[in-house]
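The values are calculated or read from the model by the stated rules, or taken from the named source; none is laboratory data. As the structure is a computational prediction, the values presented were derived from the model and not from experiment. Heads up, the Cβs are rebuilt from the backbone with ideal geometry, glycines too, and the neighbour counts pull from every protein chain shown.
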Amino acid sequence: TRPRHAAYRYILGVDVSDGIGQDRSVVDVLRVPTVTEPAEQVAQWVSETTSPEDLAPIVDAIGRLYLDDDRYEALAAIETNNHGKSTQDLLQKHYGYTHFYRWQYIDKADPSRRFSQAIGWATTPQTRPILLSRFASALKRVDPVTQLPDLLIHSPFTFEDLADFYSPTGRLADAEGTGHDDCIFSLAIAYYCAEQLFIGEAEPLNERRHRLHQ
């Protein structure tokens, strides 16, 4: 991985399992894209046996390692559908973690009122297609100036999950057979949050990169 830099920002995408070997808990560290570099998966932690409660200090340690330029912990975007609420609750109340993704509504007529009071990411029948669509687009887009994709992936676990993520239509859908999709969702959550928080309201990065090249 590339060395950390004070000007970078980081997001943790966290998919939490029950820790009994049926599924995996995954913490992905995503470096937020800049005008000169794409989003990049810079670290990943994977376990089949770590409970939601035992995952909290691990997320805490990783988040405090990847400080952003304001010296905040990495932004933690934890999937809170099930076990993740326990992990997030311990992080906030016991470990004093302060930097969490705030849930955003995507159907507000006034974008300034899109932020809710809830923290964490919820994968629902409504948000799942959007999450995977943005993730798939990032994998396919290539910057014409740098010739790099919008999202750089390095983990063999993520590549393994992607190879097993199947749909008859050719779109990202579900893990086939006994495969896993945890490494996909942890990284997809991190990338979506990066788009929402650091990309969406500014001039598109591809246009900024084009002007820089000119």
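Filtering the stretch 115-146 to residues that are assigned to a strand (DSSP E or B) and closer than 17 Å to residue 11 by Cβ leaves 115, 119, 121. Strands (runs of 3 or more DSSP E) fully within the stretch 24-80 that include at least 1 residues being surrounded by fewer than 23 Cβ atoms within 10 Å (Cβ to Cβ): 39-47. The residues of the stretch 151-206 that are more than 12 Å from the chain's Cα centre (by Cα), modelled with pLDDT of 90 or more and of a type outside the set (A, V, I, L, M, F, W, C), listed by number, are 154, 155, 156, 158, 160, 161.
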